[in-house]
1. Taking 0.36 nm per residue of sequence separation and subtracting the Cα-Cα distance, how much length would be gained by fully extending the chain between L28 and S45, in nm to one decimal?
2. At a Förster radius of 35 Å, what calculated FRET efficiency corresponds to the Cβ-Cβ distance of L72 and Y52, to the nearest 0.05?
3. Grab the Cα-Cα distance for A35 and R61, subtract it from 0.36 nm times how many residues apart they are, and report the gain in nm with one decimal.
Amino acid sequence: MWRCEVISNGFLRNEVMMVKKALIWLVLAVVMLHASGCSTPVLSSGDRWRNYKAITRINWRMLNEDWDYLWLMDRSSMLTQWHPHIGL
């Protein structure tokens, strides 16, 4: 069977070692959960939806500007005295 030494207050050495290991694992788990971002506040679904809509709106604007630049349809500068007419 198990050979255990009795330490003070009637605790066995194996029990003390098991409690120490359990506490070490518990502290390690708490530290890892805190470091992994589980304690940071999470955005609500409404916030995520608003962020998604704003990013999509910006991307569509950039696509529209790129398309206009491709077909030379962007506005000419008002700083020049010669205004080219492009289009119909």
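1. On the way: separation 17, 0.36 × 17 = 6.12 nm, distance 3.14 nm.
Roughly 3.0 nm would be gained on extension.
2. Calculated value: 0.60.
3. Separation in residues times 0.36 nm, less the Cα-Cα distance, equals 5.6 nm.
Every number here is computed from the coordinates shown, using simple stated rules; none is lab data. Values in this document were obtained by computation on a predicted structure and should not be read as measured data. Every residue, glycine as well, gets a Cβ built from its backbone with ideal geometry; the counts of neighbours run over all protein chains shown.
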